[in-house]
Amino acid sequence: MPDSLIEQRQLNVLVLAAGLGTRMRSDLAKVLHKLDGRPLINHVCRTATALAPESIYVVIGHQAEDVKTAVLNEIEGQKVVFVTQERQLGTGDAVNAARSYLEDSDSTLVILSGDVPMIRHGTLASLVQHHHRYLERGAACTIVTVRLGDPSGYGRIVRNDEGSFDRIVEQKDANEDERQINEINAGIYCFDTQKLFSALKAVKNHNAQGEYYLTDVPALLKDAGEDIAIFHHNDPQEIEGVNNRVQLADLERLICRRTISRLMLDSGVTFIDPKNAYISSEAVIGRDTVIHPNVTIEGSSEVGSRCEIRSGSHLVNAKVGNGVEIRDNCLIADSEIGDAAVVGPMAHLRGHAVIGEKGRIGNFVEVKKSNLGRRTKASHLTYLGDATIGEDTNIGAGVITCNYDGVRKHETHIGDRVKIGSDTMLVAPVTVGDGAVTAAGSVVIEDVPEDSLVAGVPAKVKKSLRPAQSADGSLTSS
Ligand code: UD1
Ligand code: CA
């Protein structure tokens with residue numbers, strides 16, 4: 001086949017994700033376990049899309065609906081076909097579930113395992129290139145292999161006396177000599193689609209696990225006179241499979257370590273104790289920001305430059321400006337903090353809370369779905385929910401927006417330059433005008449006019465704070 005024809009050859013990807021993953025000892029299907037905040041299957045599917053295949057086929061079985069949802073979350077808009085494997089009879093049977101879609105397709109099929117999440121796009125692209133080069137010489141299949149210090153658990157690559165491929169033997173079926181082989185099957189392959197489905201018909205389940213092994217197909221093809229190519233890869237970490245929670249934790253650590261090194265080397269972030277921080281690979285952190293021990297930053301959080309994030313703080317999809325100080329033990333979820341604000345210790349922002357530039361949120365203050373203007377402060381023991389608060393306003397200690405009447409949530413609006421006295425209860429819906437003051441212990445059940453002082457239970461206007469004008473136009477106090 002001339003080069004150009006090979007390059008134009010249709011490419012599909014098939015991802016195996018129907019298994020339960022018994023070795024995880026979990027009620028959750030293995031491919032739904034999270035790595036770097038995303039299900040394993042999502043990593044594989046995202047990488048698959050980078051190959052720009054015609055379609056991605058995902059074989060589902062255990063917790064099919066949840067796996068489907070996870071995949072669609074990750075690669076919405078791509079052409080994805082879900083194929084159901086009714087009973088999990090082995091990897092060969094899983095591929096066979098896609099027979100009706102693919103067996104007549106004159107194409108190349110890349111097969112990936114839903115539990116081998118670290119594989120990179122570049123490696124897959126080289127695999128496809130390698131396969132197409134060998135296709136010209138008649139290779140029906142290319143197998144990704146790697147040498148491991150400890151190959152246990154993996155299928156071994158048995159080579160013949162000339163050193164070329166003979167067969168794959170699974171760990172459980174291998175004899176003592178075969179178990180010494182350290183070249184393993186990565187569970188990632190490129191096939192001539194028609195030849196794969198033709199050979200698959202001859203796979204039997206006569207083995208230690210009573211399963212239909214996909215790994216029997218290469219030897220069957222070879223016996224039918226086809227060539228099998230090997231794509232030997234040098235990076236064992238990329239092909240590590242997740243079969244149990246120890247392997248999952250190892251990969252988590254690996255990704256986190258890489259993220260933290262990248263942030264230190266490329267972004268100029270200081271980590272006081274790089275081994276004791278958990279940072280999502282999607283987080284963006286600016287220059288000269290200092291991350292203290294035991295900080296967790298999850299999701300697609302963004303932290304600006306020159307920030308200080310103290311021990312025990314946990315950010316989830318947070319957007320933090322420049323020069324922000326987040327003191328110890330804060331939880332900041334789906335919220336924004338403006339430049340030069342100070343938050344904590346022990347503050348909780350959630351449900352799209354927005355703290356303005358130079359704002360201050362102190363000890364035991366919870367802010368939910370509220371917007372606070374520039375330089376506005378709530379320094380102690382406060383709950384602000386469903387509130388909009390202007391600039392330069394001070395919220396005293398122990399203030400609560402009573403936003404819930406037992407049935408519905410209501411809003412509180414507070415203007416600029418307001419002083420809400422300690423222990424004020426703002427019974428929503430309620431509005432406090434610009435420049436108003438509430439006395440300590442007020443229970444505010446009706447709107448407070450601008451520039452007025454209210455006090456009492458329920459709070460009443462006690463006086464106007466607006467400077468009055470005398471007859472000659474000069475200002476006097478009322
Ligand atoms: C498989 C390979 C092994 C290889 C290893 C690499 C086989 C028989 N063995 O072993 O040679 O070294 O991967 O990681 O293929 N699955 C289904 N349906 C099934 C069974 C499995 O969809 O009926 C899916 C699983 O969800 C998983 C993938 O196939 O994502 C691999 O299955 P797993 O049981 O983990 O295979 P290994 O024993 O790791
Ligand atoms: Ca596996």
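Tell me which residues, restricted to the stretch 194-223, are out of contact with any Phe, Trp or Tyr (no Cβ under 8 Å at 6 or more places or on another chain) and assigned to a loop (DSSP other than H, G, I, E, B).
201, 202, 206, 208, 209, 210, 211, 212, 213
For the stretch 8-56, which residues satisfy the criterion of being surrounded by fewer than 16 Cβ atoms within 10 Å (Cβ to Cβ) and within 15 Å of residue 117 (Cα to Cα)?
Answer for the stretch 8-56, where residues must be surrounded by fewer than 16 Cβ atoms within 10 Å (Cβ to Cβ) and within 15 Å of residue 117 (Cα to Cα): 34, 50.
Results for (1) charged (D, E, K, R); (2) assigned by TED's automatic domain parsing to the domain that holds residue 23; (3) within 16 Å of ligand 2 (Cβ to nearest atom); (4) buried (at least 24 other Cβ atoms within 10 Å of the Cβ), shown as yes or no for each residue.
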| position | (1), (2), (3), (4) |
| --- | --- |
| 108 | no, yes, no, no |
| 114 | no, yes, yes, yes |
| 140 | no, yes, no, yes |
| 144 | no, yes, yes, yes |
| 147 | yes, yes, no, no |
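Looking at 168, 181, 157, can you tell me which residue is surrounded by 15 or more Cβ atoms within 10 Å (Cβ to Cβ) and either free of Cβ contacts under 8 Å to residues at least 40 places away in the same chain or not assigned by TED's automatic domain parsing to the domain that holds residue 45 (or both)?
Unique residue meeting the criteria: 181.
Failed condition for residue 213, given (1) open to solvent by 30 Å² or more (accessible area, probe 1.4 Å); (2) modelled with pLDDT of 95 or more; (3) within 16 Å of ligand 2 (Cβ to nearest atom), with all others met?
All conditions are met except number (1).
Residue-wise test of (1) away from ligand 2 (no atom under 16 Å from the Cβ); (2) within 19 Å of the chain's Cα centre (by Cα); (3) at pLDDT below 95; (4) open to solvent by less than 60 Å² (accessible area, probe 1.4 Å).
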residue: 225; (1), (2), (3), (4): yes, no, yes, no
residue: 230; (1), (2), (3), (4): yes, no, no, yes
residue: 233; (1), (2), (3), (4): yes, no, no, yes
residue: 237; (1), (2), (3), (4): no, no, yes, no
residue: 246; (1), (2), (3), (4): no, no, no, no
residue: 251; (1), (2), (3), (4): no, yes, no, yes
residue: 256; (1), (2), (3), (4): yes, yes, no, yes
residue: 260; (1), (2), (3), (4): yes, yes, no, yes
residue: 266; (1), (2), (3), (4): yes, no, no, no
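Among the residues of the stretch 450-465, how many are within 14 Å of residue 417 (Cβ to Cβ) and out of contact with any Ser or Thr (no Cβ under 7 Å at 6 or more places or on another chain)?
Total satisfying the criteria: 2.
How many residues are open to solvent by less than 40 Å² (accessible area, probe 1.4 Å) and under 20 Å from residue 306 (Cβ atoms) when one looks only at the stretch 350-393?
Residues flagged as open to solvent by less than 40 Å² (accessible area, probe 1.4 Å) and under 20 Å from residue 306 (Cβ atoms) within the stretch 350-393 amount to 4.
One residue is enough: does the stretch 81-94 have a residue meeting the conditions under 22 Å from residue 186 (Cα atoms), assigned by TED's automatic domain parsing to the domain that holds residue 43 and charged (D, E, K, R)?
Yes: one or more hits.
How many residues are part of a loop (DSSP other than H, G, I, E, B) and either on the phi > 0 side of the Ramachandran plot or open to solvent by less than 10 Å² (accessible area, probe 1.4 Å) (or both) when one looks only at the stretch 120-138?
Adding up the residues that qualify gives 1.
For the structure I just gave you, tell me whether residue 60 is open to solvent by less than 30 Å² (accessible area, probe 1.4 Å) and part of a helix (DSSP H, G or I). Reasoning before the result, please.
Working: open to solvent by less than 30 Å² (accessible area, probe 1.4 Å): yes; part of a helix (DSSP H, G or I): no.
No.
Identify all residues within the stretch 97-116 that are of a type outside the set (A, V, I, L, M, F, W, C) and either on the phi > 0 side of the Ramachandran plot or more than 10 Å from ligand 1 (Cβ to nearest atom) (or both); write none if there are none. Talk me through it step by step, then tell me what you get.
Within the stretch 97-116, the first condition is being of a type outside the set (A, V, I, L, M, F, W, C), and the residues that meet it are 99-101, 103-108, 113-115.
Across the stretch 97-116, the qualifying residues are 99, 100, 101, 103, 104, 105, 106, 107, 108.
Taking the options 178, 86, 162, name whichever one is in a helix (DSSP H, G or I) and either among the charged types (D, E, K, R) or under 20 Å from residue 54 (Cα atoms) (or both).
Every option except 178 fails the conditions.
The values are calculated or read from the model by the stated rules, or taken from the named source; none is laboratory data. These numbers come from a predicted model, not from an experiment. Every residue, glycine among them, receives a Cβ derived from its backbone with ideal geometry; neighbour counts consider all protein chains shown. Surface accessibility is based on the protein's heavy atoms, side chains included, excluding ligands, DNA and RNA. Shrake-Rupley method; radii C 1.70, N 1.55, O 1.52, S 1.80 Å.
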